[in-house]
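Please treat every number below as a calculation from the coordinates, not as lab data. As the structure is a prediction and not an experimental result, all values here were calculated from the model. Note that we place each Cβ from the backbone using ideal geometry, even for glycine, and neighbour counts take in every protein chain shown.
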Amino acid sequence: MDTFLQNVVNALQWGSFYALIALGYSMVYGVLMLFNFAHGDIFMVGSYIGFFIATGLIGLSTLGIISLPGWVILILTILIAMILTSFVGMLVERIGYRPLRNAPRASAAITGLMIGIIFETANLYLLGASRRKFPEIIDTSIFQIGNVSLTNTKIFIVIISLLFMLALNQFIQHTKWGMAIRAMAYDFTVVPLMGVPVNTIAALTFGLGSALAAAAGVFYGMAYPVLDPYMGIEYGWKSFVAAILGGRGSVIGTVIAGFLMGFLDIFVATYFPSTMRNLISFSIILVILTFRPHGFFGRAYSAQLRL
Amino acid sequence: MLLSIENLQVSYDRIRALHGISFEVDEGEIVCIIGANGAGKSTTLRAISRLMPVEPGSKMTFMGQDLTAFQPDKVVSQLGISHVPEGRRLFGNLTVMENLELAAFARKDRQAVERDYKLVFKVFPRLEERMKQAAETLSGGEQQMLAVGRALVSARKMMLLDEPSMGLAPLLMGNVFDALREINKEGTTILLVEQNARMALKFASRGYVLENGNIVLEGRSEDLLANPEVKKAYLGG
Ligand SMILES: Nc1ncnc2c1ncn2[C@@H]1O[C@H](COP(=O)(O)OP(=O)(O)OP(=O)(O)O)[C@@H](O)[C@H]1O
Ligand SMILES: [Mg+2]
C-alpha cells in the first residue's frame, strides 16, 4: 500500500511534465493543424535556459552581489525561463512554420524535425557533450506521511503544474483570445473573416505552449537534475502521444492523457521489468486509440474546408 | 466610388474562374450580383476579402486604397468590410453568443457593439433564447440566422453577403432583408450575391449578371427585372 501511494506521488510528478509539454503540441495542432515536432526540443531548451538562470542567480547570491532567498530565485527562474522560451517558440513559428502555412503538411513536419535536430546539435556544439547538473535552488525537505515520503519539490511541482493548466484552461475558455483559439480549432479558414489576426494567434499559441514546456523543463531539472541535449526526444514523443490521446485542442483531455502517461510509466515499471516499460505503455495507448481514434475529447468532425 | 473592381481575374490552380470582370459599388448602395451555379459569384467575394490571390492585372480599390495590400483580417478590422461566407461557416464548438462576440473581435466601439447585439436579438429573438447553446446544435434555419447575425455585429463600412437567404423560411427571409435595409440606412454599403435573382433584384437598387466568369449584363434592378433575357434565364420565364 505504501509503495502504491509512493508510486502515485511519483506518477503525478511525471504526469505533470508530460501534461505541460503535451499542451503545447495539442494547442498548436488545434490551431494550425500542424504537429510541431520541434516541441520536445523546446522543452530541452527551456530546461537549459532555466539551468543558466538558476546557476547565474545562485552564483550572484554566493558572491554577495544580490541577496535573494531560494524561493525567490526559484520563481524568477521559472518565470524568466518561461518568457525567454516563449520567444524561442514564437521564433520557430515565424521562421520555420509561417512560410509553410500553405505548403503540404509533410513539409512542415519535416521542418519541425529539422529544427529539433538543429537545437540538439547546436546545444552539443556550444555546450559540449557533458551533461549538466541542475542546481538545487531550494533546500529539499522530506516529509514522512506513514511510510510515504514526500518532498517539498514534488509537492511544489505538482501543485504549480496544476495551477498552470488551470490558468491555461481559464484563458482558453474565458477570454477573447482564447475564444479565437477555439474557433481556429474548428474552422481556421473563416477566422480571418472575423477580423482576427491569424498570425498573432499562431504566435500566441506557440508562445504559450513553449512557456509551459519551459516550466516543465525547470521542474524536470528540479526533480531529476541531469540535463543533456537529447532529453527532449523521449519526453517529447511521449507527450506528443499524450496530446493525440487527449484529443485535438482539448486542454482537459490532454491533461488527463499526460497524467495517464505518467501513471503508465511508473506503474508498468513497478510490475514489469523496466526494459518493457515503453513497450507495454505504448501498447496500452495503441489499444485505447483503436477504440477512441480521436482521443478522449477529440471531435470526430471538424470543418476544415476551403472557403 | 467606395469599391471599384477592374479587370478582376482569379484562377483555381490553372482553371480560370473570373475572366477579368469590372464593377463598382458606391457608398450607401445596395448592389447585387446574380448568376447560376458556378458563375463565379462566391469567387468574386473571396477575392475582395483577400481569401483568394488575384492574377496580375487585376485592380481592386476600396476608398481609394489598393485592396491587395491588405491581409484578410485587416480587410475586416482596418477597412471595415465584413463577409458572410457561403454555407454559414459558423463555429460549431462556440456558443451562439461567442460566435457573435468573435464577429465583433476587431471592433473597439464597445457601446455600438452592445447595441448591435440587441439589434440581432430584435431581428432574431430565437437567437437570444439560445444564447448559451453551441452553434452546431442549432437547427439549419437558426444557424442561418446566426450567420446573418454575425454580419450585423461585424465590420460596418461594407457588407459582402453570399446567399444570406439560403435555408430560411420566407417570413424570416423578409425579416433578414428588413434588418439589412435598416443597417444600410445607417450607412453600411451592401454587396449581395444570390442565386435567387428575383429576391436579390427586389432588394438591391442595381445589379450585375455574372455568367461563366464574365459580367454579361448590368443595370438598375427594375430594368433587369423587366429584361426578357434575365426573365428567361433567372426569373423562371
Ligand atoms: N476550391 C476550388 N477549386 C477549384 N475550382 C473551384 C473552387 N471553388 C470554385 N471553383 C470553381 O470556380 C467556379 C466559380 O465558383 P464559385 O464558387 O465562385 O461559383 P458561384 O457563382 O458562387 O456558384 P454557386 O451559386 O453554386 O455558389 C466554378 O466553376 C467552380 O467549379
Ligand atoms: Mg457561391
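Ranking A:129, A:80, A:119 by Cα position along the charge dipole of the range A:56-149, where only Lys, Arg, Asp and Glu carry charges on their C-beta atoms, puts A:119 farthest toward the positive end. Helix B:140-153 and the longest principal axis of the C-alpha atoms of chain B enclose an angle of approximately 90°. Between the Cα long axis of helix A:251-271 and the first principal axis of chain A there is an angle of about 50°, rounded to the nearest 10.
Over the protein assembly as shown, dividing the summed -39,500 (n - 2.57) contributions of all DSSP H runs of at least 4 residues by the number of residues returns a 222 nm mean residue ellipticity of -18500 deg cm²/dmol.
In the structure shown, the pairs B:157/B:185; B:108/B:157; B:74/B:157; A:176/B:118; B:74/B:108 are assessed against 18 Å; a Cα-Cα span above that value is assigned to A:176/B:118.
Place a point 7 Å from the Cα of residue A:292 along the Cα-to-Cβ direction; which residues of the range A:245-274 have their backbone N under 20 Å from it? Correct set: A:245-268. With a Förster radius of 45 Å applied to the C-beta separation of residue B:169 and residue B:211, the computed FRET efficiency comes to 0.90. Axis of helix B:170-185 versus longest Cα principal axis of chain B: the two differ by about 80°, to the nearest ten degrees. With a Förster radius of 22 Å applied to the beta-carbon distance between residue B:114 and residue A:176, the computed FRET efficiency rounds to 0.90.
Here B:110, B:88, A:182 are placed in order of increasing Cβ neighbour count within 10 Å, fewest first, which gives B:110, A:182, B:88. Of the trypsin sites (Lys or Arg not before Pro) found in the range A:90-157, the ones in coil according to DSSP and having at most 16 other Cβ atoms within 10 Å of their Cβ are A:101, A:131. Just grab the label-to-label distance for residue B:24 and residue A:2, each label 7 Å out from Cα along the Cβ direction, in nm (one decimal). A separation of 9.0 nm, rounded to one decimal place. Expressed as a whole number of Å, what is the distance separating the alpha-carbon centroids of the range A:151-227 and the range B:34-96? Computed from Cα coordinates, the inter-centre distance equals 32 Å. Placing pseudo-labels 7 Å out from each Cα toward the beta carbon at residue B:13 and residue B:128 gives an inter-label distance of 4.9 nm.
Need one word for the range A:128-245: rounded, prolate or oblate. Basis is the Cα gyration tensor (sqrt eigenvalues a ≥ b ≥ c); a/c below 1.5 gives rounded, then a/b vs b/c decides. Prolate, because a/c is 1.5 or more and a/b exceeds b/c. When the trypsin sites (Lys or Arg not before Pro) in the range A:211-307 are filtered for DSSP coil states and for at most 10 other beta-carbon atoms within 10 Å of their beta-carbon, the remaining sites are A:306. Exposed loop sites are taken as GluC sites (Glu not before Pro) in a DSSP loop (any state but H, G, I, E or B) with at most 13 other beta carbon atoms within 10 Å; the longest stretch of chain B without one runs B:28-185. Toward the positive end of the charge dipole of the range B:98-237, with +1 on the Cβ of Lys and Arg and -1 on the Cβ of Asp and Glu, the farthest Cα among B:112, B:131, B:164 is that of B:112.
Multiplying the residue separation of residue A:60 and residue A:142 by 0.36 nm and removing their Cα-Cα distance gives an extension gain of 26.8 nm. Arranged from fewest to most other beta-carbon atoms within 10 Å of their beta carbon, A:224, B:12 become B:12, A:224.
I need A:130, B:221 ordered by Cβ neighbour count within 10 Å, fewest first.
Working: A:130 7, B:221 18.
Final ranking by Cβ density, sparse to dense: A:130, B:221.
Classification of the range A:217-307 by its C-alpha gyration tensor yields an oblate form. The axis ratio a/c (a ≥ b ≥ c) is 1.5 or more, and b/c is at least a/b.
Shape call for the protein assembly as shown from the C-alpha gyration tensor, a ≥ b ≥ c root eigenvalues: rounded (a/c under 1.5), prolate (a/b greater than b/c) or oblate? The shape class here is prolate.
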